[in-house]
Protein chains: 2
Amino acid sequence: MDAETDDIQRNKHPTRDIDPIDRKILGVLVEDATISYADLGERVGLSPPAAHERVKRLKRSGAIRATSAIIDPRAVKKPLLAFVHIDTRGWGKTPELMAVSKYPEVEEIHTVAGDTCVLLKVRTEDTRALEGLLGRLYDTPGVTSTRSYVVLSTYLERPVQPEITSEFPAPKHMANPMY
Amino acid sequence: MDAETDDIQRNKHPTRDIDPIDRKILGVLVEDATISYADLGERVGLSPPAAHERVKRLKRSGAIRATSAIIDPRAVKKPLLAFVHIDTRGWGKTPELMAVSKYPEVEEIHTVAGDTCVLLKVRTEDTRALEGLLGRLYDTPGVTSTRSYVVLSTYLERPVQPEITSEFPAPKHMANPMY
DNA sequence: CATAATGGCCGAATTAAATTCCGCAGCAAC
DNA sequence: GTTGCTGCGGAATTTAATTCGGCCATTATG
């Protein structure tokens, strides 16, 4: 077993780091994954087979998790977006909550630090469907309360951006932390 | 100008509704957009050219907004996910906030109903970078306070699901609303 | 230092898929 | 009944994906 395969099976990432050309490739493919290897190679300064080889490696290593069609929520009758914060009695009951993943309306499930335990991102047809989904949540053992933030307008929504992280200098009035 | 083009220019959706075959196609392409038209056609019961024609129409109508590579955030050094709620002095100052879209760390910007005005989804390398980003937010005119929910674990994260909306019956103790 | 081994690239050749074209069938309007 | 329109399938053509072999640079090894 080579190092890369080993890393993948440990749910880690391969030791081979992503170089600037890889980042360029990811940037292009996030914008348009239907591009040909010929055009992709030209964008990043490689021959078509070389670009192909890079993309194969990025998929194999897990850096590219999938290639997916991005659907307009309005086209599939799910125009209502909401974020639902859920309080539970401690952490013991969160596994039951994961069952909500069976509903296609639920797009994200996270546990968060703060005044809630679980955070959902849900997309429904209307407020009636959202109400029904919340009703299901209250039927789940351990759920003590929920708080929903209904989205009025969405100004930006995009996939993970592979560009190099911007510099965000800490506010000037703060001393440099040790770490 | 045909009806479809007209709808797109009005930022509406074409009148031609998405039939069950279209939904099947969307479902397949969300899972794997690299599938060939031959295989796609077989999955949905169409010939390759017919499947091709359907996909072209779905793209033209805007139902398929893009085809994108899904990147593992860890691979591009953005393992820290957080949701940031921002309070502003009324709505007048929200346009200034949209400038944060220039940072690739910001994935989503919404205005929400509830006790905040703006909700951001951000992905940073570490808490230091998040701190820097929050510092930038406080420098933005109109921002009075922020509340951040740092994600501990993500259990589900998937694109818009084109499947038919599940039935969420309202809780039994509620009478049927008029609408 | 010399030399072998590796990894990544390119160009050409081959294979597979996308795309076009055309005729046909179902359906609606008239 | 006829006309026009829309979506489908099969065949042909064009384009892209994929494979292969050889080359160069870097790195390990004696």
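The values are calculated or read from the model by the stated rules, or taken from the named source; none is laboratory data. Bear in mind the structure is a predicted one, so any value in this text is a computation, not a measurement. Here the Cβ positions follow ideal geometry from the backbone for every residue, glycine too, while neighbour counts run over all protein chains shown. The area values use the complete protein model at the heavy-atom level, side chains included, leaving out ligands, DNA and RNA. Shrake-Rupley method; radii C 1.70, N 1.55, O 1.52, S 1.80 Å.
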Roll a 1.4 Å probe over the protein chains and send me the accessible area per residue for the range A:17-71 in Å². 49
Using a cut-off of 21 Å between alpha-carbon atoms, which lysines can reach residue B:77, once sequence neighbours fewer than 8 places away in the same chain are excluded? A:12, A:24, A:56, A:59, B:102, B:121
Whole-Å semi-axes of chain A's equivalent ellipsoid (Cα gyration tensor): 37, 23, 19
Listed by chain and number, the aspartates and glutamates with an alpha carbon less than 13 angstrom from that of residue A:172, same-chain partners under 8 positions apart left out, are B:131, B:139
Debye, to nearest 20: dipole size of the range A:14-90, +1 on Lys, Arg Cβ, -1 on Asp, Glu Cβ: 360
The local net charge around residue B:97, scoring Lys/Arg +1 and Asp/Glu -1 for residues other than residue B:97 whose Cβ lies under 13 Å from its Cβ, equals 0
Amide H neighbours of residue B:65 at under 5 Å, excluding residues fewer than 5 places away on the same chain, with H built from the backbone geometry, are A:70, A:71, A:72
Can you list, shortest first and in nm, the gaps between the label point of residue B:19 and those of its counterparts in the other copies, using a point 7 Å from Cα in the C-beta direction? 5.1
Quick one: Karplus J couplings for the range A:91-108, per residue in order, coefficients 6.51, -1.76, 1.60, θ = phi - 60°, nearest Hz, x for Gly and Pro? 8, x, 9, 5, x, 4, 5, 4, 4, 5, 5, 6, 7, x, 5, 8, 9, 9
Please work out how much accessible surface residue B:151 shows to a 1.4 Å probe, ignoring ligands, DNA and RNA, in Å² rounded to 10. 20
Taking the Cα centre of each part, how many Å lie between the range B:108-154 and the range A:67-85? 22
If DNA, RNA and ligands are ignored and the probe is 1.4 Å, what is the ranking of B:127, A:111 by accessible area, most exposed first? B:127, A:111
May I ask you to report, in nm to one decimal and beginning with the shortest, the distances from residue B:74 to the same position in the other copies, taking label points 7 Å along Cα-to-Cβ? 3.8
Mean ellipticity per residue at 222 nm, deg cm²/dmol - from DSSP H runs of n ≥ 4 across chain B, formula -39500 (n - 2.57): -9500 deg cm²/dmol
Accessible-area order (highest first, 1.4 angstrom probe) of the listed residues B:61, B:153: B:153, B:61
Where A:165, A:154 fall by accessible area, highest first, once all protein chains stay in place (1.4 Å): A:154, A:165
Probe 1.4 Å, all chains present, heavy atoms only: residue B:52 accessible area in Å², nearest 10, is 70
Taking chain B and dividing mean pair separation by its residue count, relative contact order in percent (alpha carbons under 8 Å, at least six apart): 20
Charge tally in the Cβ shell below 12 Å around residue B:73, where Lys, Arg are +1 and Asp, Glu are -1, residue B:73 excluded: +1
Mind grabbing the accessible area of residue A:59 for me, 1.4 Å probe, Å², rounded to tens? 90
Over chain B, with every protein chain in place, what whole percent of the accessible area is carbon and sulfur at 1.4 Å, could you tell me? 53
With a 1.4 Å probe, what is the total accessible area buried between chains A and B, in Å² rounded to the nearest 100? 7900
Using each residue's phi in the range A:130-147, evaluate 6.51 cos²θ - 1.76 cosθ + 1.60 at θ = phi - 60° and report the 3J(HN,Hα) Karplus result to the nearest Hz, with x for Gly and Pro. 5, 4, x, 5, 5, x, 4, 4, 5, 6, 6, x, x, 7, 9, 6, 9, 9
At 7 Å out from Cα toward Cβ: residue A:60 inter-copy label distances (nm, ascending): 4.0
